[in-house]
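Q: Quick one: this structure, given as structure tokens, is what I'll be asking you about.
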Amino acid sequence: MAEKLQNTTLDVLLKKKVLEKPEAGVFLPLLLLLIVIGFVNKNFFAVNNVIDILRSTSYTFIVAAPLTLLMICAGMDLSIGAATALGGVVCGWGLAVLHWAILPSIMLGLFSGFIIGLIKSFLVVRFDLPAFIITLGLTKIIDSFILVTTGGVAVSGLKNDAFKILGQGKLFGKVHWTILIAIVIGILMHVILVYTKFGRSLCAIGGNKETAKLAGIKVVKTRFLIETTVSVFCAFCGICMCSRFNSGQTAAGEGTELTIMAAVIIGGTSMFGGTGSILGSFLGCLLLAVINNGLVLMHVSTNWQNMIFGLILVVSLFIDKYRRSKNAGTV
């Protein structure tokens, strides 16, 4: 009897521990979705299709991983899509127009993201202006700059075949390099968040900025660094897209702002800061990729796809609110 009671108690504790994980809110729906779509369409679990899903996930996760750190710090960024497009266009411009080598062109694209990050940080952090309005305004400015300088036409004529390896190359002819890059970035961001003083500072600032200041944390410097880092990684994602399509697409990151933020929130990161998970953000990105892929396999109209993504965004806010109210009730 005692042994049975002990086993029951262990089962309850295990279930409670698993369900209280921030990643559980996205893992369980993802698992259910995989089962349902796999049952409806047997081609879903084909090796090539799985790799395509992971490839799509890798591009969003390259941005979502650093964005997770920013949101933990109680920040937000609606300019990630525009920064992604600019990074690809500037890199393509370096290759096709300036005829630079690969490395200088990539550095030029990353530098464009760095400049955006500095401008954004200066306005949001130094002047303490609303990040929502500032990053939305930057999006309009960057989009207009791209359209004016390119005439709305993709930057093509990239004749350097070696550049294609970044976005089109595969390890052992199977796994795309972008997937491996995304894994490395995810591990790096996880280590920074969990095992470094900088990661703890981000959590402290997101939890209470004034308390963090009193604790001796350099709030302005930390926020400057993470704001700039996000824009640089967005530019890098745009460079990867430029390599994939062999052209700098003017609308490469269009419409990704809210979906990536939704993926991060669904993955357990509070939009009000203080808590978050890199693994959860990866699962959130994977969930969106699975939904998109599954709808395509089931021949669902893109109009319905947009509706579903909109619903996901709304639901993600309710999930975040429920998670915060539950945590507040347990304190």
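The values are calculated or read from the model by the stated rules, or taken from the named source; none is laboratory data. Computed from a predicted model, the values in this text were never measured in an experiment. As a convention, Cβ positions derive from the backbone with ideal geometry for all residues, glycine included, and neighbour counts pool all protein chains shown. To get the accessible areas, we keep the full protein, side chains included, count just its heavy atoms, and leave off ligands, DNA and RNA. Shrake-Rupley method; radii C 1.70, N 1.55, O 1.52, S 1.80 Å.
Q: With every protein chain in place, what's the accessible area of V153 (1.4 Å probe, Å², nearest 10)?
A: Spelled out: V153, probe radius 1.4 Å, area about 90 Å².
Q: Next up: On alpha carbon coordinates alone, what is the Rg over Rh value for the range 124-185, Rh being the Kirkwood radius? Kindly include the intermediate steps, with their values, before the conclusion.
A: Working: Rg = 18.2 Å, Rh = 15.4 Å.
With Rg and the Kirkwood Rh in hand, the quotient comes to 1.18.
Q: Computed from the coordinates I sent, Rg and Dmax of the Cα atoms in Å equals one of (i) 32.9, 109; (ii) 20.9, 79; (iii) 21.1, 64. Tell me the label.
A: It is the one labelled (ii).
Q: Over the chain, what is the relative contact order in whole percent, taking alpha-carbon pairs under 8 Å and six or more residues apart?
A: Details: 523 pairs, mean separation 108.0, N = 331.
It rounds to 33 percent for the chain.
Q: Using modelled backbone amide H atoms (1.01 Å from N, in-plane), which distant-in-sequence or interchain residues come within less than 5 Å of H176's amide H?
A: L171
Q: For the pair L32 and V184, how long in nm is the line joining their label points, each one 7 Å along Cα→Cβ?
A: Between L32 and V184, the simple spin-label model gives 3.8 nm.
Q: Which of L110, L295, L54 moves the most in a Gaussian network model of the chain with Cα springs under 10 Å?
A: L295
Q: Mind pulling the per residue volume of the convex hull built on the Cα atoms of the range 166-307? Å³ is fine.
A: Values: hull volume 18.8 nm³, N = 142.
Cα convex hull per residue, to the nearest whole number: 133 Å³.
Q: Which percent of the accessible heavy-atom area of the range 23-318 goes to carbon and sulfur, probe 1.4 angstrom?
A: Numbers: 9990 of 13880 Å².
Whole-percent figure for carbon plus sulfur exposure: 72.
Q: So which residue, out of V290, V300, V315, gets the largest mean-square fluctuation from a GNM of the chain using Cα contacts under 10 Å as springs?
A: Looking only at V290, V300, V315, the biggest GNM fluctuation is shown by V300.
Q: Angle, helix 47-72 long axis vs. longest principal axis of the chain, Cα atoms, 0 to 90°, nearest 10?
A: 80
Q: Further, regarding this structure: Skip the ligands, DNA and RNA, and give the accessible area per residue of the chain with a 1.4 Å probe, whole Å². Walk me through the intermediate numbers first.
A: On the way: 17250 Å² over 331 residues.
Solvent-accessible surface per residue comes out at 52 Å².
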